[in-house]
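Novice: This is the structure I want to talk about, given as C-alpha cells.
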Amino acid sequence: MGVTVAANAPGRCGIVGNPTDIYGGRVLSCSVPARATCRLTLGGEQRLPEDLRLWDAASKRFPIDGPVSVDWSTEIPRSSGISGSTALLTATLACVLRLTGNEPDLASSDGLVAFAELVRDIERHDAGIVCGYQDAYMVVHGGLQFLNFAGKHPVNPGPLGRLTPVSSPLPFLLITTGVERLSGSVHGPMAQRWMDGEALVVDSMAAITELADAGLAAVLRGDWVELGRAMDENHRLIAALGGSGEPIDLLISRCKAHGAISAKLAGAGLGGTVIALGEDLPGLEAGLRGDGYTRFMRPVAGPGVRFEGA
C-alpha cells in the first residue's frame, strides 16, 4: 500500500488592475469556487500525466524517490484565463513538497508568501510560462485581496508582494467564452514591449495601476458605478494594446446589453473569461444564456491552497 497525499487550490479572477501585477503594479483580485486537485501516491505503479509540463516543473527541484502515481482533476475551465494551470501546479507542488519532507508552511503569512513566490518561480522558469505574480499569490492565499507588487518585473522577481484582505459584497458574474488560449501567448509579447520601453505599454500599465487604487476605494465605499468606470477604462486600455479579441469584445457588449454596469477581462485576453459587474446577476445570466453562453461562475472569497484530510 502506497502513501497518498492530496491538495487542491482555487482559480482566481482579476477585478481591476490586471495585468499590472507583471509590471510592479497593483490588482484587486478574488478567488473562484472552482478548484484544481492533485493526488499523489508514492509506491506501487508509476503513472504520470500525458502532458508532463507541469509535473516536470513541480518535481524537477524536489525529486521523488520511488514510483509515483499522479491523479489530476479540475473544475476550472481549461485555458480560460482564471489561473487553471497555476492552481494545478500549486496543488501538485504542495503534494510533492509534503512527500519529499519539504512541506510548505500554509499556516503563516510569511509561509504563504514564500510558497507563492516559489510557485511563480517554478511556473516561470521550470514550466517556461510567461506569467505574472497575481496568479500564484491568489491561488495560494485565496480570498478577496488587494495585491501590491511594487518593484516586481516580468523577469526579475524583486521584493515580496504585499496583500491587503478586503471585505466586500461580490456583485460579479464570470462568463467563459469557450475560446481556449494560453496566457503566455498574450503576456509574452506584451511583456517584451514593456521591457523594450514602448511608451504606450509603459504608460498604459501605469494608468491601470492607478485604476486599481480607484477601484479599491470604490469597493470600500460600495460605489459600484465608480468601480464600473475603473473596470471599463482598464479594459479600454488593454484592448488598445491588442490584448482583448473579438470573442471578448462581443461578450462584453452582450453583458452591457443585458444590464451589466461594467464588464472586462478577468485574466489574459484573446479569449478566456469576462468578469461582469451588475445589480441583477440572475437576470444578467439569464440574458446571456439566451445568447448561447453556458459557462458561468460567481467569485467567492474562499480558501487558497490546502491539503485534503488535514
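The values are calculated or read from the model by the stated rules, or taken from the named source; none is laboratory data. Small disclaimer: the values here were computed from a predicted structure and weren't measured. As a convention, Cβ positions derive from the backbone with ideal geometry for all residues, glycine included, and neighbour counts pool all protein chains shown. Quick note on the areas: whole protein, heavy atoms, side chains included, nothing else; ligands and nucleic acids left out. Shrake-Rupley method; radii C 1.70, N 1.55, O 1.52, S 1.80 Å.
Novice: Which ones in the range 88-103 are free of Cβ contacts under 8 Å to residues at least 60 places away in the same chain, farther than 13 Å from Lys60 by Cα and in contact with a helix residue (DSSP H, G or I) (Cβ under 9 Å, 6 or more places away or on another chain)?
Specialist: Correct list: Asn102, Glu103.
Novice: Would you call Gly283 in contact with a His (Cβ under 8 Å, 6 or more places away or on another chain) and within 30 Å of Thr4 (Cα to Cα)?
Specialist: The answer is no for Gly283.
Novice: Further, regarding this structure: (1) open to solvent by less than 30 Å² (accessible area, probe 1.4 Å); (2) part of a loop (DSSP other than H, G, I, E, B): which one isn't true of Arg78, the others all being true?
Specialist: Result: Arg78 passes all but (1).
Novice: Still on this structure, I have one more. Does Ser69 count as modelled with pLDDT of 95 or more, surrounded by fewer than 19 Cβ atoms within 10 Å (Cβ to Cβ) and either in contact with a strand residue (DSSP E or B) (Cβ under 6 Å, 6 or more places away or on another chain) or not in a helix (DSSP H, G or I) (or both)?
Specialist: Spelling it out, Ser69 is indeed modelled with pLDDT of 95 or more, surrounded by fewer than 19 Cβ atoms within 10 Å (Cβ to Cβ) and either in contact with a strand residue (DSSP E or B) (Cβ under 6 Å, 6 or more places away or on another chain) or not in a helix (DSSP H, G or I) (or both).
Novice: If you check Gly101 against the conditions, is it small (Gly, Ala, Ser) and in a strand (DSSP E or B)?
Specialist: Details: small (Gly, Ala, Ser): yes; in a strand (DSSP E or B): no.
No.
Novice: Here's another thing I want to ask about it. Could you check how many residues of the range 23-64 are open to solvent by 50 Å² or more (accessible area, probe 1.4 Å), in contact (Cβ under 8 Å) with a residue 40 or more places away in the chain and closer than 24 Å to Gly128 by Cβ?
Specialist: Number of matching residues: 4.
Novice: Looking at the range 1-31 only, could you name the residues that are assigned to a strand (DSSP E or B) and farther than 13 Å from Gln145 by Cβ?
Specialist: Listed by number, the residues that qualify are Val3, Thr4, Val5, Ala6, Ala7, Asn8, Ala9, Gly11.
Novice: Same structure, new question: Which of the residues belonging to the range 40-96 are touching a Phe, Trp or Tyr at 6+ places or on another chain (Cβ under 8 Å) and over 16 Å from Phe115 (Cβ atoms)?
Specialist: Leu48, Pro49, Val70
Novice: Given the conditions (1) open to solvent by less than 20 Å² (accessible area, probe 1.4 Å); (2) touching a strand residue (DSSP E or B) at 6+ places or on another chain (Cβ under 8 Å), report the number of the one that Leu241 does not fulfil.
Specialist: The one condition Leu241 does not meet is (2).
Novice: If you don't mind, another one. Can you pull out every residue in the range 235-244 that is under 18 Å from Ala191 (Cβ atoms) and out of contact with any Ser or Thr (no Cβ under 8 Å at 6 or more places or on another chain)?
Specialist: Scanning the range 235-244 gives Ala239, Gly242, Gly243, Ser244.
Novice: Among the listed residues Ala94, Ala114, which satisfies the condition of being open to solvent by less than 10 Å² (accessible area, probe 1.4 Å), in contact with a Pro (Cβ under 8 Å, 6 or more places away or on another chain) and either under 28 Å from Pro169 (Cα atoms) or not in a loop (DSSP other than H, G, I, E, B) (or both)?
Specialist: Among Ala94, Ala114, only Ala94 is open to solvent by less than 10 Å² (accessible area, probe 1.4 Å), in contact with a Pro (Cβ under 8 Å, 6 or more places away or on another chain) and either under 28 Å from Pro169 (Cα atoms) or not in a loop (DSSP other than H, G, I, E, B) (or both).
Novice: Looking at the structure I just gave you, is Arg35 within 20 Å of the chain's Cα centre (by Cα), modelled with pLDDT under 95 and farther than 30 Å from Glu226 by Cα?
Specialist: No.
Novice: Turning to a different aspect of this structure: Of the residues Arg254, Arg221, only one is of a type in the set (Lys, Arg), open to solvent by 60 Å² or more (accessible area, probe 1.4 Å) and within 26 Å of Leu163 (Cα to Cα); which?
Specialist: Arg221
Novice: I would also like to ask the following. Hey, Tyr293 hits all of (1) open to solvent by 50 Å² or more (accessible area, probe 1.4 Å); (2) part of a loop (DSSP other than H, G, I, E, B) but one; which does it fall short on?
Specialist: Result: Tyr293 fails condition (1) only.
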